[in-house]
Amino acid sequence: MKVKILSRNPDNYLRETKRDIHKVPRNYDPSLHPFEASREYVRALNATKLERVFAKPFLGSLDGHRDGVNCLTKHPTRLSLLLSGSCDGEIRSWDLSRRQCISTIQAHDGFVKGLCAIPDGSGLMSCGTDQTVKQWSMNEDGILDPEPVVTLLGKSLYQQMDHSYGDNTFATCGDKVDIWEATRAEPIRSFSWGVDSVHAVKFNPVETHLLGGCGDDRSILLYDMRGSTPLRKVILKLKSNALAWNPMEAFIFTVANEDYNLYTFDMRNLREPLNMHKDHVSAVMDVDYSPTGTEFVAGSFDKTVRIFPLNIGRSRDVYHTKRMQRVSVVKWSLDDKYILSGSMEMNIRVWKARASEKLGVLKPREKEAFNYNAKLKEKFAHHPQVRRIARHRHVPKMVYNAQKEIMKITNSKRRIEKNRRLHSKPGSIPMIPEKERKVVNEVE
Amino acid sequence: MDPNSKNKKKFDPSKQKQKSARYFRSTDDNQGDGANKQLKKKHSKGYERKGSVFKGKAGKGLKIFKKQHGHDDKPSKKNVHNDVEVFEINMEKVDHKFSRNIDRKRHGRKDVDTPKGRLRNEVDPFPGEQRVPANLIKKYQYGPEEIDTSTNDPEVTEKLKATEKRQKYAAKETARTELLKQDDTGFLRKTGKHEDTTKISQHDLANAVDITSARKFFELKLNDFGPYKINYTRNGRFLLLGGSKGHIAAIDWMTKKLLCEINVMETVQDVKWLHQETMYAVAQKQWSYIYDNQGVELHCLKKLDNVLRLEFLPYHFLLASANAKGYLSYIDVSVGEKVSGYGTSMGRLDVMCQNPANAIIALGHSGGTVTQWCPKVKDPVVKMLCHNSAVRAVAIEKCGHYMATSGIDRSLKIWDLRTYNMLHSYKLPAGAGQLSFSQRGLLAASMGNIVQMYEDCCTKAITKPYLMHDLHSSVNSLNFCPYEDVLGVGHSSGFSSLLVPGAGEPNFDALESNPYQQKKQRQEAEVKMLLDKIPADMIHLNANIVTEVYKMTPGERAEAKRKTQEFKKLNFEPKRKTKGRSKSGKLEQRKKGVNEEHRRDYIKETVARKRAEDRNQSFNEKRSLTTSVLDRFKKKDNS
């Protein structure tokens, strides 16, 4: 007969000194962990609630401009530097970490229409309503030289400009799209398609020869710098205000449209947008991608900033404050942590990209807890309680009412169409998906 | 507590041999005298070493005898890995010493002693990752074993497949942690054919095992206030005694340190620890009370009156009580509010237990039924007729798969709670008054003065008890101590702690319940428990229902459809208009008109729908494919 009785040596289970950490022997046997599903659910619910409690995205505003902020540019090499141009022709550089203005120059007569940094970080270029393009130099600390390095006189008004990511060429747009080289006084190439002017132009960050633009004839235009004529044009129902290229997938871009929506297109198939992003209740003014290419931010005339995941039709989050007026420009910082918005009431606002994220260095335990909670939230995202809490956002009354109104309008349109289809010959009113309906024409 | 002075006597090898001769039938004695001599030598050696047991180095002090293997007995693999102390009650076989070299050979590693220079050319004897046995992977599988990945949506199917893959991977990796477990289960194993564990007395066990374990067999003589109800904390460290004549004591039973001792000067029906050793609930004659571990009365629960039995659900912070008038009530002890209470109308409720796997309360009744209750359902969720006579005791196993019931008809029945079928029915010498399951599935039953313990009584039909003990006074309460091989027995003349090898789970999870918990750890654990408190309305027969997808049954779907088509009264309130058009008569007329129109619309709609349905049905009947030419010979209906 053999016998053994459980007999533990406390030394194996107790810490040796008080300065030591506690010993935590684990046994993952499921029978020792009853109610694991219910407990995880409760934890997920708590995590969701905490996320909403800690959702305080507004970090501060950069105040100093004496007119509405018209354009913003991220510094290509320094995360804490921001450049902004306003409607009174002033360009300012800001230190984001100290939230201070570093330097100010009076760049143009009238609006600063376009602003772009030179990729090596040595300076910036601007264009304005005074029909000039100017190049400015900037030192290490972000202080701008008040005298322009180069001034180029154009023949017409410039609406916007962008610098190529590959070489030292840049593009301006106005009544036509011009490609310039830094050393020359004349554009090396000009593109025009019809008589309508182009009010936005953006270089593709990956395929550096490609650029896209938005025309006044409700069109989105694609250009290749190497060719002599524009590549393609797609016409939507309403005018697009801005365009942003996905930094990770070169063929995907998103446009901010006047019809309150954003449209993500695949360059290879412009017949219908990949995705339609609804939620704004007024014209969308600007859009910018996160450096990871999975999300983008949009600023609108409805005084809100919204964040959209790339493949989802509705916004993930909405930012607004009492004092923020119509948003004219938004940017997503290059470290994927902050969102910057410039609005008509002369302020630049700094937001967190993820509203409830804890800033600063995280301790390993904190990081682990956040990761665990994120996974739980993902696992239980479809539970009605969790979903309700996670989705709830307080929006200004104006937006709330407008949302209801838009809902009513879309419902009534849908109903009318349904009735019309019901009372007409079968097949005479075809079913066209909503996305397809937004594209009027594609021209090559 | 000097271990040497008292216990030296017990380990006298000559005496032990006598005992073994007395209690165990002799087995085929293959070993000669030489072996016995060797054995004596060894034994005395162990005895010599024993003197330095607690004085020597920490960690090695407990080792008294080394494990010895015979050729013919096959020790489990686990025992080979660890230096466990196994004690033999009768020392018959003596063999080579267990050593690491043997260990290596057993694992087939041959190239250990190769010279250094050749190491580079050696082939890895264990290529790839180590294989994990399938049964282990199955053990660590959380959630359903097989996910139903067949859906209409290929995207969803893809996601489900990915989830399944992840779960399998997780189970495999968790199974690898088996290696890190520090302790092995206790056991009492026969070495000869004719040996019988039933005949081993507690004194034999206590004499055979090491002194720390032997000290877990003790008795508290409390003749004045019995019979006693007992309860262990979840980590098995603390013991609560409640004598029916009012004596309440809380002790750290391992160190025998008294936390508090009070007399409430009232009948005590039941005692229960709450979530930690800081508080306990006592069901007294009239009301129930909550005391802290200093014996200070914290609350008087007047909502719980005439309570006979208490149960505490630690993950829900619910204190369930069953009273003499047949009323079952739940109190949330974290907020002090009554969650629910139901009159069972089943008479006096003095048989109660909880299902640790899904927090459902089982009650035994005098009619032979066992009912199961959850706090948010008014009626019992399960009602089963278990005995032809009154139920005396109910116990549910840790995983919630098996339930044991005993009636006054002397039967002990084992039920499968997944199918609600009876698995085994045993006839006992007397009706078991108390039943208790241990963590590893041992069942203890008390019949008058006698406590019997059964091994594997749920999975196979057994013929005799595993162990047996006579307490010489009637047993009032049985409770296995979690994480220890100990059974606590409260009886009319005090408390006895019995040794039951193989009862307790050897490896605890410190984040779940930790017997070696310090104060700070306890406080932190309390906060975590409160944060993870499961709401009472999540208690369900299926504990994991929250992760399952709800699918409507056809009946429910029809009901839901009917509800949407049901007539909803329109509460139209006419606007007030000026210029005399808003006389009350006019208003009423307008209101009536609108409401009537709504009603007419509804009736029209339903009539049209019904007519369409009828038309469809009659059409279908006409073109019924079952008609045949032979139908004309059928007997015609009179109508």
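The values are calculated or read from the model by the stated rules, or taken from the named source; none is laboratory data. Just so it is clear, the model here is predicted, and its values are computed rather than measured. Virtual Cβ from ideal backbone geometry, glycine too; neighbours counted across all protein chains shown. Heavy atoms of the whole protein, side chains included, go into the accessibility calculation; ligands, DNA and RNA do not. Shrake-Rupley method; radii C 1.70, N 1.55, O 1.52, S 1.80 Å.
If you average the sequence gap of Cα pairs under 8 Å that are 6 or more apart and divide by the length of chain A, what percent do you get for the contact order?
Here the relative contact order equals 13 percent.
Given the pairs A:LYS237/A:LYS425; A:LYS23/B:LYS257; A:LYS233/A:LYS278; A:LYS134/A:LYS155; B:LYS272/B:LYS378, which are separated by over 19 angstrom at their Cα positions? In this structure, A:LYS237/A:LYS425; A:LYS23/B:LYS257; A:LYS233/A:LYS278; B:LYS272/B:LYS378 lie more than 19 Å apart at Cα. In order along segment A:198-207, phi translates into HN-Hα couplings of 10, 10, 8, 9, 9, 7, 6, x, 9, 8 Hz, rounded to whole numbers, per the Karplus curve 6.51 cos²θ - 1.76 cosθ + 1.60 with θ = phi - 60° and x for Gly and Pro. Over the C-alpha atoms of segment B:233-329, the Rg to Rh ratio, Rh being the Kirkwood estimate, stands at 0.95.
Computed from label points 7 Å out along Cα-Cβ, the spacing between B:TYR602 and B:VAL123 is 8.4 nm. Take the Cα of B:ASN223, step 7 Å toward its Cβ, do the same at A:VAL440, and the gap between the two points is 10.7 nm. The Cα-based radius of gyration and maximum Cα-Cα distance (Dmax) for segment B:558-607 are 14.9, 50 Å.
May I ask for the Kirkwood hydrodynamic radius of segment B:320-475, worked out over all distinct Cα pairs and given in angstroms to one decimal?
Kirkwood hydrodynamic radius for segment B:320-475: 15.9 Å.
Of the residues B:MET468, A:MET267, the one with the largest accessible area comes first in the ranking B:MET468, A:MET267, computed with a 1.4 Å probe on protein heavy atoms. The convex hull of the Cα atoms of the protein assembly as shown, projected and averaged over all directions, covers 71.4 nm².
Pair-distance distribution of segment B:410-513: all C-alpha pairs, bin width 10 Å, starting at 0; shares per bin in whole percent are 15, 45, 31, 9, 0.
From most to least packed by mean Cβ count within 10 Å, the peptides A:293-305, B:162-174, B:370-382 give A:293-305, B:370-382, B:162-174.
Is the shape of chain A best called rounded, prolate or oblate, per the rule: a/c under 1.5 gives rounded, else a/b larger than b/c gives prolate, else oblate, with a ≥ b ≥ c the square roots of the Cα gyration tensor eigenvalues? Oblate is the answer for chain A, as a/c is 1.5 or above yet b/c matches or exceeds a/b. The alpha carbon centroids of segment A:75-149 and segment B:291-360 are separated by 72 Å. At q = 0.14, 0.17, 0.20, 0.24 Å⁻¹, work out log10 I(q)/I(0) for segment B:274-380 with the Debye formula, treating every Cα as an identical point scatterer and leaving solvent out; two decimals please. Per q value, in the given order, log10 I(q)/I(0) is -0.50, -0.73, -1.01, -1.41. Here the gap between A:LEU50 and A:LEU157, fully extended at 0.36 nm per residue and compared with their Cα-Cα distance, gives a gain of 33.4 nm.
Lysine pairs in segment B:129-179 whose alpha-carbon atoms fall under 16 angstrom of each other, counting only those eight or more residues apart or on distinct chains, come to 6.
Whole angstrom only: what separates the Cα centroid of segment A:8-70 from the Cα centroid of segment A:211-255? That distance is 45 Å.
Evaluated at q = 0.13, 0.31 Å⁻¹, the base-10 log of the normalised Debye intensity for segment B:129-179, with identical point scatterers placed on the Cα atoms, takes the values -0.36, -1.13. The gain in end-to-end length when the B:GLU548 to B:ALA324 segment is fully stretched comes to 76.8 nm, 0.36 nm per residue minus the alpha carbon separation. For B:LEU301, nonlocal amide neighbours, meaning residues 5 or more places apart or on other chains whose placed amide H falls under 5 Å from its own, are B:SER288, B:TYR289, B:ILE290. Within the assembled protein chains, the solvent-accessible surface assigned to A:VAL329 is about 10 Å², based on a 1.4 Å probe.
Close amide H pairs (under 5 Å, H built 1.01 Å from N) link A:THR304 with A:VAL327, residues at least 5 positions away or on another chain. Ranked by solvent-accessible area (1.4 Å probe, protein heavy atoms only, all chains present), the residues B:HIS365, A:HIS199 order from largest to smallest as A:HIS199, B:HIS365. Protein heavy-atom surface of the protein assembly as shown, 1.4 angstrom probe: 51% of the accessible area is carbon and sulfur, with nucleic acids and ligands not counted. Checking every one of the trypsin sites (Lys or Arg not before Pro) in segment A:58-128 against DSSP loop status and a limit of 11 other Cβ atoms within 10 Å picks out A:ARG66, A:ARG98. Counting only protein heavy atoms and using a 1.4 Å probe, the accessible area of A:PHE191 comes to about 0 Å². Working note: Karplus 6.51/-1.76/1.60 with θ = phi - 60° gives segment A:390-402 the couplings 5, 7, 5, 9, 8, 10, x, 4, 4, 5, 4, 5, 5 Hz, where Gly and Pro are set to x. Per-residue shielding of A:8-19, expressed as the average number of other chain Cβ atoms within 10 Å of the residue Cβ, stands at 4.
Summed over both chains, the accessible area lost when B and A associate is about 5300 Å², using a 1.4 Å probe. Each of A:ILE118, B:ILE408, A:ILE307 has its accessible area taken with a 1.4 Å probe; listed largest first, they run B:ILE408, A:ILE118, A:ILE307. Ligands, DNA and RNA aside, A:ARG326 has an accessible area near 90 Å² when probed at 1.4 Å. Pairs of alpha-carbon atoms within less than 8 angstrom and 6+ residues apart define the contacts here; what relative contact order does segment B:129-179 have, in percent? The normalised contact order for segment B:129-179 reaches 50 percent.
Couplings for segment A:208-216, taken from phi via the Karplus curve 6.51 cos²θ - 1.76 cosθ + 1.60 with θ = phi - 60°, read 6, 8, 8, 9, x, x, 10, x, 6 Hz in order; Gly and Pro are left as x. Close amide H contacts of A:ASN347 (hydrogens built in the peptide plane, cut-off under 5 Å, sequence separation of 5 or more or a different chain): A:VAL69.
Counting only other chain Cβ atoms within 10 Å of each residue's Cβ, the peptide B:543-550 averages 4.
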